[in-house]
Amino acid sequence: MSRSGKESSPARRIEALREEIRAHNHRYYVLDDPSIPDAEYDRLLRELEQLEAEHPELDDPDSPTHRVGARADEGFATVEHVVPMLSLANAFEDDEVAEFDRRIRELLDVESVTYTAEPKLDGLAISLRYEGGRLVRAATRGDGQAGEDVTGNVRTIRAIPLTLVGDELPDPLEVRGEVYMTRSGFRALNERLAAEDHKTFVNPRNAAAGSLRQLDPAVTADRPLRFFAYQALAEAGLGDNQSAVLERLREIGFPVSSLVRRVEGLDGLLAAYRDIGEARDALDFDIDGVVYKVEDFDRQQELGFVSRSPRWALARKFPAQEELTTLRAIDVQVGRTGKLTPVARLEPVFVGGVTVTNATLHNLDEIRRKDIRPGDAVIVRRAGDVIPEVVRALPEKRRSDLPEWQLPEHCPVCGSHVELVEGQADARCSGGLVCPAQRKRALEHFASRGAMDIEGLGTKIIAQLVERQRVDDPADLYSLDVETLAGLDRMGEKSAAKLVEAIARSKDVSLGRFLFALGIREVGEVGARNLARHFGGLDALMAADPEALEAVEDVGPIMAAHIHEFFSEQRNRAVVQRLLDAGVTPQAESAEPAGEQPLSGCSFVLTGSLSSMPRSEAKKRLQALGAKVTGSVSKNTRAVIVGDSPGSKLDKARELGVAVFDEDALAALLEGRLPEA
Ligand code: IVH
């Protein structure tokens, strides 16, 4: 497909471009295997458009540039279907499939039957008529006997060939299949419609139907519609059985779903349903079941029809993924971090194969945006393994006096006030120290290394203390005795005594660590230290208003708001007071760093266990001398200080050529002497 055609006659170049574009359409829509980028395709199309504009005498109604037909101002003409477009009998259970297979075997008087299993595409059926290899008419299903002529619109769907590929094609040829919209195209379309303040579509099927019934084909052309063929009318003689016909349809230019398979007997039917069901979520288009068809056309003929459905086919439907129910209430749950999450309590409804009574509403913003109210009729969706969700409310079904939903002012778990910070999507419980929902996490944080550093008070011990109601908040830790602790699982007399000691030791703490230990949102170790230095004492800090807080280095409006909210909750203040009463004495840090700072500007990493002191103490003492102590080795690290059985940090130091200090060197450091590397 060279561009040398440009030099030859316009007629030849135009024909070459038409062929090339058709071939790309085929690769893209039928083979699902595009060979050029979209931009290159667009360039070819533009070149052709330009040439055709310059040479109107070379026009051809089936040129790929003529995807847009005439407006249907008078509405759509009616088309009689010479062969009616039938519907399919439905089944929902394995039993019904077994019954279908049994009946067919009996009628045909055979042992086993071969079927095709095809995805049941969730779009709308369309019948396409080709004469002389060219698309001459497209009609919707309508009532099955007569539909609407939507040729102008269908011509804009690139997945549908305007001309067929190959010789000795049946003429005329009528092909039937499903027009649908991709899920990704549907989402993009809805986003676009919403941005332009237009009404959005509920699902891809409605979007496809709405797009196909546009009076102006230019609108249809702009919609991401696709097509899969699933049937050629019998007279066409494209083959003796369903799979052969589908294969032939693919060859002459129609997209056919790659999920179609040939199966044997009942086991094959049931396995295909499972396989296609498993593939479902990953598809970029909606399917709502599996269609079974007797493979052999002679056998189909023998079986014939009952009322308006073929006896040789069955639609095994997936359980519906969307159902209508009533929203009884919106409850609010409190997470470990204090985040409030709304949960929909529903009138039980069977959807996606299970009975659903709770569903997610995502977040508070979403409830407001979608105006969902307790008492509303709502659409609930459960797709695959995804958590059920409330998609939207149906305000048209709403009683006129139904009040809007209000966010509770108090935490449903602990009663502390609810905090809504400007610019933050989530509401939170402000009772960080007292809320049972946040209790374990608050205690874990309180005891952690960078905070009160209580050795031996880990997750498992905390969980037991909370569950046995020995500890409700951090202040309770300071009244624990050896006896109580020794009564916990996997805790001996000795370790209990050690833990009591560690708790007692933690009373002696810097103000910065103490502030960090309180677990105020957004307040990290550095922030806490800055606050401690700035205010010099707890009282001044607790009395500060947001403005005063924002004056501190690196404290922005959100952090200031969180600190202020925290201390305006009386329950938090009470816990702080009880901590002080228990003997915790946060030591003020002066604005000027205390003492000399001989190690300022030096950064160290500690690894392995030290014999002279716990690592946390070495860290504290190094920091007191102005050093930075970090967790990872970089080329900026002054030295890695190693104790017994050091980890990978030592390797890293060697790799980067960073100095390695032993405990003697550490001792020298702590006396303010920097050893030679
Ligand atoms: S065959 C006589 N195959 O399901 C058989 N139909 O209830 C005619 N459908 O209106 C239909 N995927 O829109 C057939 N692979 C498939 C299908 C399919 C979806 C739709 C079609 C039809 C409805 C039948």
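Some values worked out for this structure:
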{"read-out": "Highest-first arrangement of 644-651, 445-452, 598-605, where packing means the average Cβ count within 10 Å", "value": "445-452, 598-605, 644-651"}
{"read-out": "Karplus-derived 3J(HN,Hα), 6.51/-1.76/1.60, for each residue of segment 529-539, Hz, glycine and proline x", "value": "5, 4, 4, 4, 5, 5, 8, x, x, 5, 4"}
{"read-out": "Order by protection proxy (mean Cβ within 10 Å, highest first), peptides 555-565, 142-152", "value": "555-565, 142-152"}
{"read-out": "Residue 183-residue 66 pseudo-label distance in nm [points 7 Å out on the Cα-to-Cβ vector]", "value": "3.8 nm"}
{"read-out": "Carbon/sulfur fraction of accessible area - segment 148-267, other protein chains in place, 1.4 Å, %", "value": "44 percent"}
{"read-out": "Over the chain: helical MRE at 222 nm, DSSP H runs n ≥ 4 each giving -39500 (n - 2.57), nearest 500", "value": "-10000 deg cm²/dmol"}
{"read-out": "Cα→Cβ-extended label distance, 7 Å offset, between residue 194 and residue 74, nm", "value": "4.1 nm"}
{"read-out": "Counted charge near residue 240, where neighbours are those whose Cβ lies closer than 9 Å (Asp, Glu -1; Lys, Arg +1)", "value": "-2"}
{"read-out": "Simple spin-label estimate for residue 660 and residue 526 in nanometres, 7 Å along Cα-Cβ", "value": "3.0 nm"}
{"read-out": "Other-chain or far-sequence residues with amide H under 5 Å of residue 376's (modelled H)", "value": "327"}
{"read-out": "Prolate/oblate/rounded label for segment 464-618 (Cα gyration tensor, a/c 1.5)", "value": "oblate"}
{"read-out": "Segments 82-89, 251-258 sorted - mean Cβ within 10 Å per residue, highest first", "value": "251-258, 82-89"}
{"read-out": "Cα centroid of segment 277-323 to Cα centroid of segment 502-559, whole Å", "value": "66 Å"}
{"read-out": "Free-standing Cys residues across the chain, given no other cysteine C-beta under 4.7 angstrom", "value": "602"}
{"read-out": "Length released on extending from residue 262 to residue 399, taking residue separation times 0.36 nm less the Cα-Cα span", "value": "44.1 nm"}
{"read-out": "Length-normalised contact order for the chain - Cα pairs under 8 Å, 6+ apart - percent", "value": "8 percent"}
{"read-out": "Global form of segment 92-234, assessed from the alpha-carbon gyration tensor, a/c cut-off 1.5", "value": "oblate"}
{"read-out": "Backbone HN-Hα couplings from phi across segment 348-353 [Karplus 6.51/-1.76/1.60, Hz, Gly and Pro as x]", "value": "x, 9, 8, 8, x, x"}
{"read-out": "Cα-based helix-to-principal-axis angle, 183-195 vs the chain, degrees rounded to 10", "value": "70 degrees"}
{"read-out": "Surrounding net charge for residue 203, when Lys and Arg each add one and Asp and Glu each subtract one, Cβ distance under 9 Å", "value": "-2"}
{"read-out": "Integer Hz, Karplus 6.51/-1.76/1.60 couplings in order for segment 601-617, x for Gly and Pro", "value": "x, 9, 10, 10, 10, 9, 8, x, 9, 8, 8, 7, 6, x, 4, 4, 6"}
{"read-out": "Straight-distance crosslink candidates among lysines, where the alpha carbon sits under 20 Å from residue 199 and sequence neighbours closer than 8 are dropped", "value": "370, 397"}
{"read-out": "Nearest-0.05 FRET efficiency for residue 406 and residue 386, computed from C-beta distance (R0 22 Å)", "value": "0.20"}
{"read-out": "Spatially proximal lysines relative to residue 619 (Cα-Cα < 24 Å; intrachain offsets below 8 disregarded)", "value": "498, 507, 628, 635, 649, 652"}
{"read-out": "Length-normalised contact order of segment 173-305 in % [C-alpha pairs under 8 Å, at least 6 apart]", "value": "27 percent"}
{"read-out": "Segment 253-278 residues near the modelled residue 112 label - backbone nitrogen below 15 Å, point 7 Å along Cα→Cβ", "value": "262-272"}
{"read-out": "Protein accessible area in segment 475-546, 1.4 Å probe - carbon and sulfur %", "value": "47 percent"}
{"read-out": "14 Å beta-carbon shell around residue 99, net charge (K/R +1, D/E -1)", "value": "-1"}
{"read-out": "Rounded FRET efficiency, nearest 0.05, which uses the C-beta distance separating residue 251 from residue 587 and R0 of 56 Å", "value": "0.10"}
{"read-out": "Sites residue 497 and residue 644, calculated FRET efficiency, Cβ-Cβ separation with R0 25 Å, nearest 0.05", "value": "0.50"}
{"read-out": "Segment 443-559: relative contact order as a whole-number percent, Cα under 8 Å and 6+ apart", "value": "24 percent"}
{"read-out": "Residue-normalised accessible area of the chain, expressed per residue, 1.4 Å probe, Å²", "value": "50 Å²"}
{"read-out": "Debye intensity ratio I(q)/I(0), log10, the chain, q values 0.07 Å⁻¹ (C-alpha model)", "value": "-0.76"}
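The values are calculated or read from the model by the stated rules, or taken from the named source; none is laboratory data. The structure displayed is predicted, hence computed values, not measured ones. Positions of Cβ are generated from backbone atoms using ideal geometry, with glycine treated the same way; all protein chains shown enter the neighbour counts. Protein only, heavy atoms only, side chains kept; ligands, DNA and RNA dropped before computing areas. Shrake-Rupley method; radii C 1.70, N 1.55, O 1.52, S 1.80 Å.
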